[in-house]
1. Restrict the check to region 124-146 and report whether at least one residue is in contact with a Cys (Cβ under 8 Å, 6 or more places away or on another chain), within 16 Å of the ligand (Cβ to nearest atom), part of a helix (DSSP H, G or I) and closer than 30 Å to LEU225 by Cβ.
2. Looking at the structure I just gave you, is VAL149 open to solvent by less than 30 Å² (accessible area, probe 1.4 Å) and without any contact (Cβ under 8 Å) to a residue 40 or more places away in the chain?
3. Check region 101-108 and report whether any residue there is within 16 Å of the ligand (Cβ to nearest atom) and buried (at least 23 other Cβ atoms within 10 Å of the Cβ).
4. Among the residues of region 172-185, count how many are in contact with a helix residue (DSSP H, G or I) (Cβ under 6 Å, 6 or more places away or on another chain) and within 12 Å of the ligand (Cβ to nearest atom).
5. Tell me which of these HIS325 doesn't satisfy, since it passes every other one: (1) surrounded by fewer than 21 Cβ atoms within 10 Å (Cβ to Cβ); (2) in contact with a helix residue (DSSP H, G or I) (Cβ under 7 Å, 6 or more places away or on another chain); (3) touching a residue at least 12 places away in the same chain (Cβ under 8 Å).
6. I need a count of the residues in region 186-203 that are open to solvent by less than 20 Å² (accessible area, probe 1.4 Å) and more than 10 Å from the ligand (Cβ to nearest atom).
7. Which of the numbered conditions does PRO208 fail, given that it passes all the others? Conditions: (1) away from the ligand (no atom under 12 Å from the Cβ); (2) surrounded by fewer than 21 Cβ atoms within 10 Å (Cβ to Cβ); (3) closer than 26 Å to GLY232 by Cβ; (4) not hydrophobic (A, V, I, L, M, F, W, C).
8. Does at least one position in region 337-352 carry a residue that is outside the structural domain of GLY146 (by TED's automatic domain parsing) and part of a loop (DSSP other than H, G, I, E, B)?
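The values are calculated or read from the model by the stated rules, or taken from the named source; none is laboratory data. Small disclaimer: the values here were computed from a predicted structure and weren't measured. Cβ placement follows ideal geometry from the backbone for every residue including glycine, while neighbour counts extend to all protein chains displayed. Just the protein is used for accessible areas: all its heavy atoms, side chains included, with ligands, DNA and RNA removed. Shrake-Rupley method; radii C 1.70, N 1.55, O 1.52, S 1.80 Å.
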Amino acid sequence: MDQAIVDLRSDTVTKPTPAMRRAMAEAEVGDDVYREDPTVNRLQERAAETFGREAGLYVASGTMGNQAAIKVHTRPGQEVICEQRAHIFNFEMAMTAAFSGCLARPVWAEDGILTWERIAPEVRGRSDHRARTGLIALENTSNLAGGSVYPMAIADEICERAHAAGLPVHLDGARIFNASVQLGLSVAELTKKFDSVMFCLSKGLGAPVGSMLVGSKEFIEEARLVRKMLGGGMRQAGILAAAGLIALEEGPRHLPVDHENARFLANGLAEIPGITINPAKVVTNIVFLDVTKTGLTSFEISKRLLAQGILANGVTAETMRMVTHRDVDRTGCERALRVLHEILKAARGVAAA
Ligand SMILES: *Cc1c(COP(=O)(O)O)cnc(C)c1O
């Protein structure tokens, strides 16, 4: 019997592949603060090329990349418009306030997909009373809205209208390659109107560490200074960048399988009594399910799954998240469904007794 752990907590849990380990062991390195690490330089050039941009910057994490971008685009006392479930607003330790001195102006939108119509009323120009808008930040795919994808026309319109209003737009593209696979459009095409893009190597692409910022040469030069402020000058970082290069070149190829597995999970979950889910909303590698009708909290379910080697996190007491990635296969997904089914059946038995 296959008793390996099935880890559906996040796509960050992937382990480096043998090819990555080899590349890391053999990486040519230098001091990256002196810009002398050839492997980091190559990764930054390849990232910039892939996104059709002038320059790229290797950063320790997605949070560091997003917050460096926010710092470069804004001045203290401004507002950053984002969707209510945005990672920059909910999961980055209030750094928009603590580091950039800006207030987030969260706006709720169906499936986490903002439109210019929703944004426009929140944009503030010069005023004697209210803080000025400094930046608009979009997230694609939207993590907490279930891996939803921005239709390109909607994101493009936001960028165009924002630019006409003199506002920059940053993309938190932690999972932009998932959006690219889902839409069948290149990441360069999808992101061309944004002023800056952050994407993660350490999520679905499978690298052990690291994210990238891409943008104009001028933007990246400024972001480089901010990265140093954040303690992100990493010296012989080529050891890590070597795995990042493999993630960038080969990682996207695996994402269609992750998406198929997420769809498989969603369809299976829809069959389990007590679980509420709309499989049509599962379009990338993130699955949200509502467990209200199971009579158990998500945290209790997590605990019972864990006892049987299935890892999945409760997000709120009512909702759980499952994320597919290259280290979980179809058999693992089948087992997760089977175990969850048994746990809920047993819970109903207890409740009926
Ligand atoms: C994971 C993630 C990030 C960055 O996370 P780190 O853990 O700091 O690398 C940023 N935005 C979104 C939407 C994410 O899912």
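1. No, the conditions are met nowhere in region 124-146.
2. no
3. No, region 101-108 has no match at all.
4. Within region 172-185, the first condition is being in contact with a helix residue (DSSP H, G or I) (Cβ under 6 Å, 6 or more places away or on another chain), and the residues that meet it are 172, 174, 176-178, 180-181.
Subsequent filtering for residues that are within 12 Å of the ligand (Cβ to nearest atom) retains 172, 174, 176, 178.
Going through region 172-185 one residue at a time, the tally reaches 4.
5. Unmet for HIS325, out of (1) surrounded by fewer than 21 Cβ atoms within 10 Å (Cβ to Cβ); (2) in contact with a helix residue (DSSP H, G or I) (Cβ under 7 Å, 6 or more places away or on another chain); (3) touching a residue at least 12 places away in the same chain (Cβ under 8 Å): (1).
6. Going residue by residue through region 186-203, those that are open to solvent by less than 20 Å² (accessible area, probe 1.4 Å) are 187, 190-191, 194, 196-201.
From the residues that got through so far, the ones that are more than 10 Å from the ligand (Cβ to nearest atom) too are 187, 190-191, 194, 196-197.
Matching residues across region 186-203 total 6.
7. Single failed check for PRO208: (1).
8. no
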